[in-house]
Amino acid sequence: MTLINHSGACACCSGSPHMQFNRRHFLHLAAGAAVVAGLPGIAVAAEGKYQAMLLTCIDPRFPEPTIRYMEKRHLTGQYSQFTFAGAAIGVVAPAFRDWEQTFWDNLKATIELHKIGKVIAMNHRDCGAAKIAYGEEKVANSKIETETHRASLMEFRTQVVKRHPTLAVETGLMSLNGKVEMFS
């Protein structure tokens, strides 16, 4: 195969990163085509029957402990994930009221596409969103922090059950070391 370079005289070689066709661009396209060709069911892979949707916080300290937690529960590849500041706090706290509908729309789509049977809401300790939503005094010590999260998680559970009574709801609070305290 011969690749032609028109030295910037045409749109294909003009230097625009979106229009330039070069060997690297060709290899990326070829690799993508090979992946798709090798996975004929990729178009329907987004739909199916999965176990749960996991709601987590944006805090960069928690993706790895959360993945380990889900692996221990044998849920790898069996859940979708929705992540925004505060996890359940982002759904129920008045400070984040503008986000609420986004979560409920996503949950509705997840139920439709993934046929999930439960929602797992995982808040975490030392959460900046909890401080924004409820104030420094509501996370001042471990006992108060636990009760603040418990209250937000219970309100989250109440709202899920009200909107989707057939879904099971699990709620937990993850420590900085990855240990999870579940609330019922």
| query | Among the residues of the range 91-99, is there at least one that is surrounded by 16 or more Cβ atoms within 10 Å (Cβ to Cβ) and under 21 Å from Arg61 (Cα atoms)? | reply | yes
| query | Just one of the numbered conditions (1) within 18 Å of Val92 (Cβ to Cβ); (2) touching a residue at least 40 places away in the same chain (Cβ under 8 Å) is not true of Val180; which one? | reply | (1)
| In the range 124-172, which residues are free of Cβ contacts under 8 Å to residues at least 12 places away in the same chain and in contact with a strand residue (DSSP E or B) (Cβ under 7 Å, 6 or more places away or on another chain)? | Val161
| request: Please list, ordered by first then second residue, the pairs with beta carbon atoms under 7 Å, 6 or more apart or interchain, first in the range 98-118 and more than 14 Å from His164 (Cα to Cα), second in a loop (DSSP other than H, G, I, E, B). | output: Trp99/Phe84; Leu113/Ala46; Leu113/Glu47; His114/Gly48; His114/Tyr50
| said: Tell me whether the range 75-83 contains one or more residues that are surrounded by fewer than 19 Cβ atoms within 10 Å (Cβ to Cβ) and in contact with a Gly (Cβ under 6 Å, 6 or more places away or on another chain). | reply: no
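Bear in mind that the values in this text are calculations on the coordinates, not laboratory data. If you're wondering where the values come from, they're calculated on a predicted model, not measured in any experiment. Positions of Cβ are generated from backbone atoms using ideal geometry, with glycine treated the same way; all protein chains shown enter the neighbour counts.
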